[in-house]
Amino acid sequence: MTTTPERSAAGTGPRTPRIPALRDGAGLLRIGLHLMLAALPLLAISAHVFGVVRMQDSAPILVIPLAAAIVALTVLAPHQGDRVVADGMLWGIVGCAIYDGFRLTTVHVFGWWADFIPVMGTWITGDPEDMTGGAVVGYLWRYIGDGGGIGITFFALASAFGLQRCSRRTAVLASVGFSVFPVWAGLIGTVWLAERGQTMMFPLTWVTLTLSLIGHLIFGFVMGLGFHRSRAVRESWPWEPLTGELPVARTALPSPRTPHTPPTGQALDPDTWELWRRQLEANTRGRRTHGVR
């Protein structure tokens, strides 16, 4: 008995995801909102250091209400691309935590520089004397806002350029590059260019430059591995990449029971089904050419 690959309800072939290219205006608008929210926590820090807008004002008036609205939209009207956003946020938080494992060791064990995150938290609370409350608020902002926001941005941009079908090395290199520029470069630019940047955040020395760069390299490495491992970026990004159609992944055919049939009951992904179908047609033509019936 010959087993055929799993087909769609119409019986015309395997079920493939519909790629709306650039026609899904509502979905693209939502991704744009996610990217805008993802950028705000870092921009709010820069705006505060440059004296443009205090974080005590930007956090409750802009960042938190927009975050609440987007969370409500995601819950009440989910979209396929939200899975990519969620994975990006998760891996951004994980990368930030591992980065902090290195950073806090250099702060509290070796004493090479100070921890300005609790101070940054007091910019939001408005109470510079309450460093405990500042530490809680500051690290929530750092992990969810900064780390999660960077993760969302990278996952969305990398998916838009089709990196989900590239090798692990390519994904990691792209993520590390993104963590260095614009993320690390933006941090150092803020500290250097702002009049009170080195007073409010940390002094720029070869030690702080090296340590902050190493931390961002760690962050980018973890985030790149997360992107490569994410099923969401392979299965849930609903648009055609800006570079064109997704390239066909190099998928090895499953070991068949016979030279031209797949294993019984095994569901094949669309690319593998197409490769198997072509192999089956080639085998059939070859058997006919040699007079085999």
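Here is a yes/no grid of residues against (1) modelled with pLDDT of 90 or more; (2) farther than 30 Å from F227 by Cα:
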{"site": "M1", "(1), (2)": "no, yes"}
{"site": "G25", "(1), (2)": "no, no"}
{"site": "L33", "(1), (2)": "yes, no"}
{"site": "M36", "(1), (2)": "yes, no"}
{"site": "L43", "(1), (2)": "yes, no"}
{"site": "V71", "(1), (2)": "yes, no"}
{"site": "G81", "(1), (2)": "yes, no"}
- Task: Considering each residue of region 101-157, count those that are more than 20 Å from P203 (Cα to Cα), under 24 Å from the mean Cα position of the chain (by Cα) and buried (at least 17 other Cβ atoms within 10 Å of the Cβ), and give that number.
- Result: 16
- Task: Tell me, yes or no, whether region 68-82 has at least one residue that is of a type in the set (G, A, S), closer than 25 Å to H216 by Cβ and buried (at least 18 other Cβ atoms within 10 Å of the Cβ).
- Result: no
- Please identify the pairs in which a residue from region 183-210 that is at negative phi has its Cβ atom under 6 Å from the Cβ atom of a residue that is among the hydroxyl-bearing types (S, T, Y), counting only partners at least 6 apart or on another chain. T190/S46; G197/T190; F202/T208
- Exactly one of (1) over 26 Å from V52 (Cα atoms); (2) not in a helix (DSSP H, G or I) is unmet by I214. Its number? (2)
- Out of V191, V180, sole residue that is closer than 20 Å to T106 by Cβ and surrounded by 21 or more Cβ atoms within 10 Å (Cβ to Cβ): V191
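The values are calculated or read from the model by the stated rules, or taken from the named source; none is laboratory data. These figures come from a predicted structure and were not determined experimentally. For neighbour counting, all protein chains shown are included, and Cβ atoms are generated from backbone atoms with ideal geometry for every residue, glycine included.
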